[in-house]
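J.: Before I ask anything, let me first share the structure, which is written out below as structure tokens.
The values are calculated or read from the model by the stated rules, or taken from the named source; none is laboratory data. Being a predicted model, the structure only gives us computed values, none of them experimental. In this analysis, Cβ positions are derived from the backbone assuming ideal geometry, glycine residues included, and neighbour counts consider all displayed protein chains. In case anyone asks, the SASA skips ligands and DNA or RNA and just uses the protein heavy atoms, side chains included. Shrake-Rupley method; radii C 1.70, N 1.55, O 1.52, S 1.80 Å.
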Amino acid sequence: MKVKLWGVRGSLPAPLLPEQQYQKSLTNLKQFHEALSTDPNISPEKFLNSLPSYMSKGFGGHTACIQVQTSEQNIIVDGGSGIRKLGEVLMCGPCGLGRGEVHILMTHFHWDHLIGLPFFVPLFIPGNKIHIYSVQDNAEESVRTLFKKPNFPVPYEALGAEFIYHTLEPRKTVHFNDLKVTPYQLDHPDPCWGYKFEHNNKTFSYCVDTEGTRVSRKELGEDLALYQNVDVMVFDAQYTFLEATEKVNWGHSSAPIGLDIAMREEIKKVYFVHHDPAASDEKIMIAEKQTRDYYKTRLKALKQQEAEFSEVDWEFAIEGTEFEL
Amino acid sequence: MKIEHALEKENHFELALSGSIDEDAEFNAIPKIQKNLLVVDFSQVTMINSCGIRDWVNWTKTLDSNVQVHIKKCPKFIIDKINILKGFLPAKSLVLSFYTPYYCENCDSEKQYLFERGVHFQEQTADKAAFVDYDLEVLCDQCKTAMSMDVITEKYFNFLGVK
Ligand SMILES: [Zn+2]
Ligand SMILES: [Zn+2]
Ligand SMILES: [Zn+2]
């Protein structure tokens, strides 16, 4: 199974501002200048590729949208602004010919998970079929709202594609060819459902948006399965840990909470996403450093206690991240 | 986490916690604090993770605003959290005592020495600078050699307001 993160920003698209772009270029150019003094033959590409990707590229500004692919199935989760670019890619295939069948799973209907849909070109092509899945039973109403006049010039009825809505049952597995998908409830208002994907004995969990208020196995109850026997997890880390302790009931979490879950449940890899739109790349880097300090402290304590534990590989994801499992 | 004791004394409420403070910690099992002073003993706490910190912070927010929190016998990892996490303790809280690690260069032993407020340290106040007894002589239990403080002092004593 292949996964691509088309949007990793939370709440509101947050493009790099011209001044931020300038500062990023300036910092990188200064460093390149320094690098040249030790290696006069270093190429600009080699230098940029030696930097952490958030320094060379930034974390990205598009909101929630991911793509999960197997040889037989292609599934999109959420229609945040990241879906626009994915739409362009799909238009090169059957969607461009009006023969596409698109499957979109919705976690919930907050704007940041929905606003990309009016710019998802396959919707405008007659003949395409757009399947929308959600545990909530009001998906059609939310989608129609997007295209209401005077908020959008093309009314819902005039969209070329055919929409088919499917209501999912909580915690009940659905088979999409060779891919199994099960929705589990997250800790987020209005409410929100994460998805567990299983394919060829590999498991991927998408846990966005969530505050992660329920962490203990007892509190999680029947939603614990979302975090168990998981190879890769994508988790909501909108805030730094300090911010999250202040923003109680805001519906978003921080990386140390995700790490606590991952360490206990032996999740192998975690990508932290839903970065705060108010956070600059530098601020996200600070949150990452604080998380690194926290993780190191936890590992040290576990080693001292001679406790059994498995290490977790984790990172703050940038837009466009792809992984295979 | 275990509640070792939760006792209502004449002038204060005394609480002693032990074990790991993590997502399984049940702070709501602690009886309502009816006194104006709560003294929490952390000496038997072995670990705190981020879920535990969050639960502790949320629990302290449920205390009546007139309850002052004093904490004592804090292991180093609790002091580390106080230093990096504004909000770990409610406003007007006091640290009564905490452990400072010492190291013996002669025989590699380590020791946790209890620093007590008014004796080994004093936090900064409006009219007084913070104080830490950096010159305290701590002898190794094994070889009786003078041990050295095993912390980055500017970081570790930061919560006292040391310059
Ligand atoms: Zn969101
Ligand atoms: Zn949301
Ligand atoms: Zn010694």
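J.: So what's the gap between the Cα centers of segment A:1-42 and segment A:120-171, to the nearest angstrom?
T.: Using only Cα atoms to place each centre, the spacing works out to 35 Å.
J.: What is chain A's relative contact order, in percent, from Cα pairs under 8 angstrom and six or more apart in sequence?
T.: Worked out over chain A, it gives 18 percent.
J.: Another question, then. Be a star and scan segment A:195-230 for residues whose amide nitrogen sits under 17 Å from the point 7 Å along the Cα-to-Cβ vector of A:Thr173.
T.: A:195-206, A:222-230
J.: Which aspartates and glutamates have a Cα less than 16 Å from the Cα of A:Lys196, not counting those fewer than 8 places away in the same chain?
T.: A:Asp78, A:Glu169, A:Asp178, A:Asp187, A:Asp209, A:Glu222, A:Asp223, A:Asp231, A:Asp236, A:Glu265, A:Glu266, A:Glu324
J.: Normalised by the residues of segment B:1-95, what does the relative contact order come to in percent, with Cα pairs under 8 Å and at least six apart?
T.: This gives 26 percent for segment B:1-95.
J.: Taking 10 Å² as the minimum loss, tell me which residues in segment A:221-244 lose that much accessible area going from the chain by itself to the full protein complex (1.4 Å probe).
T.: Checking the loss per residue gives A:Phe241, A:Leu242.
J.: Rounded to the nearest whole Å², what accessible area per residue is found for segment B:1-95 with the 1.4 Å probe?
T.: Counting only protein heavy atoms, the per-residue value for segment B:1-95 is 45 Å².
J.: Using alpha carbon centroids, what distance separates segment A:206-249 and segment A:79-99, in Å?
T.: Taking the Cα centre of segment A:79-99 as reference, the centre of segment A:206-249 is 31 Å away.
J.: Restricting to DSSP loop positions (anything but H, G, I, E, B) with no more than 14 other Cβ atoms inside 10 Å of their own Cβ, which GluC sites (Glu not before Pro) remain in segment B:63-139?
T.: B:Glu105, B:Glu137
J.: Taking K and R as +1 and D and E as -1, what net charge do the other residues with C-beta under 13 Å from the C-beta of B:Glu137 add up to?
T.: For residues surrounding B:Glu137, the net value is 0.
J.: Here is a follow-up. If you project the alpha carbons of segment A:1-107 onto their three principal axes, what span does each projection cover, largest first, in Å?
T.: 55, 30, 24
J.: To continue, here is another question. Rounded to the nearest 100 Å², what is the sum over both chains of accessible area buried where B meets A, with a probe of 1.4 Å?
T.: Answer for the B-A pair: about 1500 Å² buried.
J.: Would you be so kind as to list the residues of segment B:46-64 that have their accessible area lowered by at least 30 Å² in the full protein complex compared with their chain by itself (1.4 Å probe)?
T.: Relative to the lone chain, where solvent access is computed with a 1.4 Å probe, segment B:46-64 loses at least 30 Å² at B:Met47, B:Asn49, B:Ser50, B:Cys51, B:Arg54, B:Lys61.
J.: Sticking with this structure for a sec: Quick check: convex hull over the Cα atoms of the protein assembly as shown, volume per residue in Å³, rounded to an integer?
T.: Given the Cα convex hull of the protein assembly as shown, per-residue volume reads 212 Å³.
J.: A follow-up question, please. Quick check for you: with a 1.4 Å probe and neighbouring chains kept, what is the accessible area per residue of chain A, in Å²?
T.: Per-residue value: 46 Å².
J.: Treating the angle as unsigned and between 0 and 90°, give the value, to the nearest 10°, between the Cα long axis of helix B:50-61 and the longest Cα principal axis of chain B.
T.: 60
J.: A further question on this structure: Check cross-link reach from B:Lys32 to the lysines: straight Cα distance under 23 Å, and skip same-chain residues fewer than eight apart.
T.: Correct list for B:Lys32: B:Lys2, B:Lys9, B:Lys61, B:Lys72, B:Lys73, B:Lys92.
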